[in-house]
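Novice: Got a structure for you, questions after.
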Amino acid sequence: MNLYSREQESFEAFCRAEFQQLFRGTAQSVVGAATTIDKIQASSLPNSGGTAGDLSVYNAQFESIEYSYFSGGKRFRPLLSFAGAQYLGVTAESVFPWAMAIEMIHTYSLIHDDLPSMDNDDYRRGKPTNHKMYGDAIALLAGDSLLTEAFSVLAKHYSSHGSTLSLLIQQLAHSSGLNGMILGQYFDITLDSGKISPTPAHLNQIHLLKTGALISGALMGPALLKRLPTDQLKSMQEVGLLLGYAFQVKDDILDSEQDKDSKKNLIHHFKTVAKLEEFLKQIQMQISARITSLNQLLQIPSGKSQHLLQFLEWNITREK
Ligand code: GRG
């Protein structure tokens, strides 16, 4: 997708700079403090030996975080945040920290999802998964770090936004937490027990929570930054959830060949790819109609929704 190539380039640079500070700068200051403590200890403790000041021993942890964050993901969620920002007249730059935080949560979820205790996958994006490269414990910590630090990115960059900061934090927790992605993942893994044979309604619920909640969250960032009133926020959220659902349906189409026997893939219920594609077109039309209503509700000229609509189109045509 080249709709946002300029914004995406600056976004990547923004993330690299933030990572430098978050994961290397912070550790450097902690290690610096440790060195001071070492000196005190060295003078008072017998055989205290060695120094904690050498950061290189911790490098694998930082590498593992960067390995997954900068490993060729589509950046669907950040790009959706930019599309939402453009639609609402919010600058791309002001949405960068939000987009980065959402992508950090997404990256953590993929790292944890690939672990042996979850999906036990060896490859992601054509490369060995994080735990295959760095081991289970470091991969677990990489995910934990991304999850934790996503909130610090918000706290740092939106501290001058008054009550909006609290709303952004609540939104990120809502989309990714026990009311959103984590609950979806829980439902998903409990299906693996084989005790439940999933109906389309089960699958819809899983998709809306596991995939839809975070994708909808991507769109809610610019909406909150724009300080939309509650009814308009709700409409934006519904468009986001449907978009997330459409994204998952497309994913099921892309995976249909390898997953055709899995009861968790919608292809199991639709039988043929052509029928599933038809279903996707229907959802996309519903989203498009909702965007038209949103234009009226927000009094936004229809020309301004062009990027959101192009985004919808990208979902239909994407090949990964
Ligand atoms: C471990 C709490 C926890 C949650 C895991 C994201 C997730 C939930 C599981 C990954 C498996 C999966 C297929 C989830 C559905 C969402 C989805 C399609 C993720 C892949 O997103 P893309 O296509 O990935 O945006 P890229 O690689 O482009 O970043």
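The values are calculated or read from the model by the stated rules, or taken from the named source; none is laboratory data. Here the structure is a predicted model, which is why all the values come from computation and not from measurement. Don't worry about glycine lacking a Cβ; one is built from the backbone with ideal geometry, like all the others, and counts go over all protein chains shown. SASA here: full protein model, heavy atoms, side chains in, ligands and nucleic acids out. Shrake-Rupley method; radii C 1.70, N 1.55, O 1.52, S 1.80 Å.
Novice: Over the stretch 260-320, what number does the Rg to Rh ratio reach, with both radii from the alpha-carbon atoms and Rh per Kirkwood?
Specialist: 1.12
Novice: From the phi angles alone, apply the Karplus equation (6.51, -1.76, 1.60; θ = phi - 60°) to the stretch 125-139 and give each ³J(HN,Hα) in whole Hz, x where the residue is Gly or Pro.
Specialist: 6, x, 10, x, 5, 4, 6, 5, 7, 10, x, 4, 5, 5, 5
Novice: Now for a different question. What percentages, rounded to whole numbers, describe P(r) for the stretch 80-202 computed over all alpha carbon pairs with 5 Å bin width beginning at zero?
Specialist: Result, from short to long distances: 2, 10, 16, 18, 17, 14, 12, 7, 3, 1 percent.
Novice: Semi-axes of the equivalent ellipsoid of the stretch 163-307: what are they in whole Å, largest first, if each equals the square root of 5 times a C-alpha gyration tensor eigenvalue?
Specialist: Values for the stretch 163-307, descending: 30, 20, 10 Å.
Novice: Before I look further, what does the stretch 206-320 give for accessible area per residue, probe 1.4 Å, in whole square angstrom?
Specialist: Averaged over the residues of the stretch 206-320, the accessible area is 49 Å².
Novice: Arrange the residues Asp122, Asp251, Asp261, Asp188 by how much accessible surface each exposes, largest first, with a 1.4 angstrom probe.
Specialist: Final ranking, largest accessible area leading: Asp261, Asp122, Asp251, Asp188.
Novice: Out of Met104, Leu141, Leu80, whose Cα points farthest toward the positive end of the dipole of the stretch 74-142 (charges: +1 Lys, Arg; -1 Asp, Glu; placed on Cβ)?
Specialist: So the residue we want is Leu80.
Novice: If you don't mind, another one. Amide H neighbours of Arg124 under 5 Å, counting only residues 5+ apart in sequence or on other chains, H built in-plane at 1.01 Å?
Specialist: Placed amide hydrogens put Thr129 under 5 Å from Arg124.
Novice: Cα axis of helix 163-176 to longest principal axis of the chain: angle in degrees, 0 to 90, nearest 10?
Specialist: That works out to roughly 80 degrees.
Novice: What part of the accessible area of the stretch 237-320, given as a whole %, is carbon or sulfur when the probe is 1.4 angstrom?
Specialist: 51 percent
Novice: Here is a further query. Could you tell me what percent of the accessible area of the stretch 64-103 is made up of carbon and sulfur, with a 1.4 Å probe and every protein chain present?
Specialist: Accessible surface attributable to carbon and sulfur in the stretch 64-103 totals 51 percent.
Novice: State in Å² the accessible area per residue of the stretch 49-153; use a 1.4 Å probe, count heavy atoms of protein chains only, and round to the nearest integer.
Specialist: 38 Å²
Novice: Continuing with the same structure: Quick one: Cα convex hull volume of the stretch 144-196, Å³ per residue?
Specialist: In the stretch 144-196, the Cα convex hull volume per residue is 59 Å³.
Novice: Let me ask something else about it. At a probe size of 1.4 Å, how large is the accessible area of Phe270, to the nearest 10 Å²?
Specialist: That residue has around 50 Å² of solvent-accessible surface.
Novice: Nearest 20 debye, what's the magnitude of the dipole of the chain about its Cα centre given +1 on Lys and Arg Cβ and -1 on Asp and Glu Cβ?
Specialist: 760 debye
Novice: Taking Lys74 as the anchor, which lysines have their alpha carbon closer than 25 Å to its alpha carbon, excluding any fewer than eight residues away along the same chain?
Specialist: Lys127, Lys132, Lys210, Lys250, Lys260, Lys264, Lys281, Lys304, Lys320
Novice: What are the radius of gyration and Dmax of the chain, computed over its Cα atoms and given in Å?
Specialist: 21.6, 75
Novice: Let me check something: with ligands and nucleic acids excluded, how do His112, His269 order by accessible area (1.4 Å probe), largest to smallest?
Specialist: Ranking His112, His269 by accessible area, largest first, yields His269, His112.
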